[in-house]
Every structure is written in structure tokens, then in C-alpha cells.
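Asker: Supplied in C-alpha cells, the structure appears directly below.
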Amino acid sequence: MQTIYMDNAATTQPCGESVARAEQYLKENYFNPSAMYKEGFALSRELKAAREKLVSYVADTASYDLTFTSCGTEADNTAVFGYARRGNAVTSAGEHSAILAPFAELKNRNVAETRFAPLEADGRVNVGKLLELVDEKTTFVSVMHVNNETGAINDINAVAKKVKEKNPRVVFHSDGVQGFGKIPFRLGKEVDLYSLSAHKIGGLKGTGALIRKKALPIRPYLFGGGQENGWRSGTENVFGVKTLEYAAEKKFSSLAADYERLASYRESLWSALDPGIFARLSPKDGTPYILTVSARGLRGEILLHLADDRGLIIGTGSACSSNEKSRYSHVVLACGYDKITADGVLRLSFSPATTKEETERAAQILNACARELLERTK
Ligand code: PLP
């Protein structure tokens, strides 16, 4: 049985071609990029070039810089703890735990008051309500680019602009982990910080980055040897960085075509699902990489296992929040859905490698699993 992998929002298969290209940095070119001899120096130049190349895909390299981190979570934490100051910090109720947990910590440590804007029914932040929370004491605002559970896209450039109109001193951050390399997009000048993660686009787990406006003061989260221009101490993961660089090169070269193709696959998958069982949670104008549905009245977790037994790997929402042992997704509840809908949530997420045949087969498997479960629960 050929397994169909549709949990790409949790992680993607590392791109074999990118790993092979980067392999020399594990084997022959393993030097410390901070070393003074020419081999080390050559690697530090390669890291600099990789930073610029990655920034160039989404922003102007004259205005933005990039720091490598150990993951998207570290990039998010660096932004929160680096820039939230006395006063208040604002985010949305739909953020990933990589933002919500550091926000909770800001409050625990008495660093700042924390404020959470509600969501629209599709998972976008309610911009009007967010703006009401921003005042002259706000130091930091974080709004994710693409919601990892519903796939809703926030127009972060427009949100950042409105936030800065209310308070120009705010540092505006966006968690771009589900957006970078997938959504046609460039950073508007009001966005100060943008997080990304390699393993969502064919890179390796354990590599991330924070894009930062050069004009912002450097406020490290990790202190030590002063690597990354003092921004983030710790010897750089050169192999991970080079794999990310090559994987991003590949993703950005076909971004528009992948976007169109996956949008049509997502729609045909949705229309092949039994309308008597499945309700759609993902908005039509959301990312084509995610289709979230709910089998109302059935448990998503049981359907996930039934589908797994038939060779279809899917998620019930965020892989990270599933560790928290909370039965219901905070995002789905924040969208205003009841617990019955939240219980039946399934997330199918794609990569450019996903084929039309796989989406057709996935719909058949899900319909069969849901019908079987319905029979059993009668
Ligand atoms: N932010 C979002 C929106 C995510 O989807 C994830 C991972 O699922 C993260 C942050 C965390 O990224 P990482 O796994 O690289 O720490």
C-alpha cells in the first residue's frame, strides 16, 4: 500500500535534491564559520550570502537582515522577548503556541500586559478589535501570516500599517512559518520582524530564521559567542542553513505555479468529500496548502487513526498543540465553532509533491472512514 502523506503543515519531507547539494557541508566543509583560517572565513561568507538570498525572496535586502535560529519557535520567542517591553503586547487568539506560550510568559514575568484579539469565523484576526487593543502603551504586536489550523491568510502588511498609524513606536512581528515559500508576498515596510521555519518547505527540522528590519536595535535572546553579528549566539548549523537555502530556491522558483495547482487540488478534494458528513472550515481565499474540515458528530482523532490504517496520513490541527493534550483546538473554538465541530476537525495539508490522484484517493478514504465510523456509532 502506497502511503499518502497529507500532513505537510506539520512537516514536509526534506527535499532530496537540496539535502544532496548541502551534503558537502556535513562531510568536507565542516569548519566552524567563526574560525579565523580561510576555510572558516569562506563559510561565514556563504552564510552571509544565504541570509541575503533568503531575505531577497520576500523583502528588500537594503532594509532587512536575517538571523538563523534553531527553529520557527525560537524565531518567534526571539521576537517576543526581544521587543515586548513595559506596557502592553498585543496578539491574536489564533496564534501558534510558539507565540501564545511566550505571551503567557511575558505576563508571568510581569514584563507586559498581554492582550488577545478575537478571530473572524475563518481564522483571520478581527482587525477592528485588534486595533482597539493597540494604544500608546503598546510596545509589540504579533499577527501570524497564515493560520496553521484553518489556512486563513492575514493581510499582515495592511494590519501592520493600521497598527503603526495608531502607534508608530510599536514593533510589528509576524509568524510567517506557514507563509514563507508558499504565498506570493513581499513584506511591507511596516512589518519589522518575520519568522520562518525550514522544515515546512522541504528543509530540515531544527532550522529557522528571523527576518528583521535593519533599523531595529539588536535584542538577542541567546547570549554567548556573539555569532550572527551578535544577534544569536551559538555555532551556526551550516548544513541546515544550506539545505534551507537550496530548498527555498526550489520553492520560490515554482511558487506561483504550485499555488495555482494546489488551489485547484484543494477545491476538487473538497468537492469530492461527502457533503452530508463534512463541513468546511478553511476559507476559499486561504492558503491552497491547507484544507481543514470537520466531520461534525464524529471524533477527528478516531478518523485520523482509521485513515492512517488505510494509508492516508493527515492531522487534526496543529501537531504542536496535539502535545498539549487539549481535546479541542483553541483556534477552532476562537473561530466561534461549537465543541461538536471542534471535535471532528481534520486538517489535510499539501506540498508541491502532492498529486491529483492522491487527493482523489484521500477523499475516497475519508468518505469511507467517516461512513464506517457513522455505522459503528449508530
Ligand atoms: N508557527 C507556526 C504557524 C507553525 O505552524 C509552527 C509549526 O508547526 C511553528 C511556528 C513552529 O515552528 P518550528 O516547528 O520550526 O519550531
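The values are calculated or read from the model by the stated rules, or taken from the named source; none is laboratory data. None of these values were measured; they are calculated from a predicted model. Cβ: placed from backbone, ideal geometry, glycine included. Neighbour counts: every protein chain shown. Areas reflect the complete protein model, heavy atoms only, side chains present, ligands, DNA and RNA absent. Shrake-Rupley method; radii C 1.70, N 1.55, O 1.52, S 1.80 Å.
Asker: Which residue out of Y259, Y246, Y289 is under 30 Å from A22 (Cα atoms), modelled with pLDDT of 95 or more and in contact with an Asp or Glu (Cβ under 8 Å, 6 or more places away or on another chain)?
Answerer: Y246
Asker: Here is a further query. Here's a check for you: in segment 86-102, which residue that is open to solvent by 20 Å² or more (accessible area, probe 1.4 Å) and over 24 Å from G181 (Cα atoms) is nearest to the ligand (Cβ to nearest atom)?
Answerer: A101
Asker: Could you please tell me which pairs satisfy a Cβ distance under 8 Å, a separation of 6+ or placement on different chains, a first residue in segment 145-162 that is in contact (Cβ under 8 Å) with a residue 40 or more places away in the chain, and a second residue that is away from the ligand (no atom under 13 Å from the Cβ) and part of a helix (DSSP H, G or I)?
Answerer: The qualifying pairs are E149/V332; T150/V332.
Asker: Checking the condition in a helix (DSSP H, G or I), in contact (Cβ under 8 Å) with a residue 24 or more places away in the chain and within 24 Å of E149 (Cβ to Cβ), which residue from A101, A75 passes?
Answerer: A75
Asker: On to the next question. Working only within segment 237-263, note down all residues that are open to solvent by 30 Å² or more (accessible area, probe 1.4 Å) and either among the basic types (K, R) or in contact (Cβ under 8 Å) with a residue 40 or more places away in the chain (or both).
Answerer: Across segment 237-263, the qualifying residues are N237, F239, E249, K250, F252, S254, A256, Y259, R261.
Asker: Still on this model: From the list G230, G297, G225, exactly one residue is without any contact (Cβ under 8 Å) to a residue 40 or more places away in the chain and more than 16 Å from the ligand (Cβ to nearest atom). Which is it?
Answerer: Sole residue among the options that is without any contact (Cβ under 8 Å) to a residue 40 or more places away in the chain and more than 16 Å from the ligand (Cβ to nearest atom): G230.
Asker: Here is a further query. Between Y57, Y37, Y83, Y5, which is touching a residue at least 60 places away in the same chain (Cβ under 8 Å), open to solvent by 40 Å² or more (accessible area, probe 1.4 Å) and more than 16 Å from the ligand (Cβ to nearest atom)?
Answerer: Y57
Asker: Considering only strands (runs of 3 or more DSSP E) fully contained in segment 161-214, which possess at least 3 residues that are more than 11 Å from the ligand (Cβ to nearest atom)?
Answerer: Passing ranges, in order: 171-175, 208-213.
Asker: Could you check segment 225-248 and list, in sequence order, the residues that are on the phi < 0 side of the Ramachandran plot and outside any helix (DSSP H, G or I)?
Answerer: G225, Q227, W231, R232, S233, T235, E236, N237
Asker: Ok, one more. Starting from residues that are free of Cβ contacts under 8 Å to residues at least 60 places away in the same chain and in contact with an Asp or Glu (Cβ under 7 Å, 6 or more places away or on another chain), keep the ones in segment 164-201 and report whichever is nearest to G151 (Cα to Cα).
Answerer: Looking at the filtered set, the residue picked out is F172.
Asker: If a residue must be within 15 Å of the ligand (Cβ to nearest atom) and not in a strand (DSSP E or B), how many such residues does segment 60-72 contain?
Answerer: Adding up the residues that qualify gives 3.
Asker: Shifting gears a bit: Of the numbered conditions (1) open to solvent by less than 40 Å² (accessible area, probe 1.4 Å); (2) under 19 Å from the mean Cα position of the chain (by Cα), L131 satisfies every one except a single condition; which is it?
Answerer: (2)
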